[in-house]
Amino acid sequence: MRIYLVVMDESAETRLALRFAARRAARTGGAVHILALVEPGSFNAFGSVQATIEQEAKERAEVLATAEAGNIFAEYGKRPVISVREGDPQKVIRTYLEEFDGVAALVLAASHDNGPGPLVTHFAAVAGSLPCPLYIVPGALSTKAIDELA
């Protein structure tokens with residue numbers, strides 16, 4: 001089965017990448033995996049405070065991914081696989097790609113206003129060493145255009 005991996009955050013671009021991946025998966029008989037990232041905190045608080053902050057960040061990422069997964073299920077009838085992981089985004093994505101050798105494509109989206117973003121910039125630079133193709137969905141595309149491309 002072809003797996004389309006989408007990295008989840010709170011940006012509008014993520015929704016475009018998810019739409020593309022879901023449409024593509026529906027057309028190819030594949031599946032969507034949502035990888036919700038929780039970046040490590042930029043500061044250290046006292047023990048229990050830090051643990052609470054980290055837990056809240058994980059829960060927020062899971063709620064966001066679950067909501068989007070529900071939208072995909074409602075529209076396409078297939079529930080995406082959700083994984084919430086903490087750590088450096090580039091390393092977490094690389095590890096995920098190593099763990100799931102069935103990933104057919106890493107699907108990211110570039111911002112319409114603010115350029116490609118750090119993940120797009122990084123993975124575009126190392127695309128030749130990835131175990132799968134990298135799809136970059138332009139942030140300026142309409143949903144209709146995304147549907148036609150997928």
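Bin width 10 Å, alpha-carbon pairs only: give the P(r) of the chain as whole percents, running from 0 to the bin holding the largest distance.
11, 41, 35, 11, 2, 0
Sort Tyr96, Tyr76 so that the residue with the fewest other Cβ atoms within 10 Å of its own Cβ comes first and the one with the most comes last.
Fewest to most other Cβ atoms nearby, the residues stand as Tyr76, Tyr96.
Setting aside same-chain residues fewer than 8 positions from Lys58, which aspartates and glutamates have a Cα under 15 Å from its Cα?
Reachable aspartates and glutamates: Asp9, Glu10, Glu39, Glu86, Asp88.
Fewest Cβ neighbours within 10 Å first, please rank Ser11, Ser129, Ser83 accordingly.
Ser129, Ser11, Ser83
Return the ratio Rg/(2.2 N^0.38 Å) for region 80-150, where Rg is computed over Cα atoms only.
My calculation over the Cα atoms of region 80-150 gives 1.18.
Sum -39500 (n - 2.57) across every DSSP H segment of at least 4 residues in the chain, then divide by the residue count to get the 222 nm mean residue ellipticity, nearest 500.
-16000 deg cm²/dmol
Roughly speaking, what is the stretch gain from Leu134 to Val81, that is 0.36 nm per residue apart minus the C-alpha to C-alpha distance, in nm to one decimal?
Here the segment from Leu134 to Val81 would lengthen by 17.2 nm.
Hey, which aspartates and glutamates would be in cross-link range of Lys78, C-alpha to C-alpha under 19 Å, not counting anything within fewer than 8 residues on its own chain?
Glu62, Glu68, Asp147
Based on other C-beta atoms within 10 Å, arrange Thr143, Thr14 from fewest to most.
Lowest count first: Thr143, Thr14.
Do you know the relative contact order of the chain, to the nearest whole percent, from alpha carbon pairs under 8 angstrom that are 6+ apart?
Dividing the mean separation by the residue count of the chain yields 31 percent.
Rounded to the nearest 20 Debye, what is the dipole magnitude of the chain about its Cα centre when Lys and Arg each give +1 and Asp and Glu each give -1 at the C-beta?
Computed about the Cα centre, the dipole is about 580 debye.
Values in this text are rule-based calculations from the coordinates and carry no lab data. Quick caveat, the model's predicted, so the values are computed rather than measured. Note: ideal-geometry Cβ built from the backbone for every residue, glycine included; neighbour counts use all protein chains shown.
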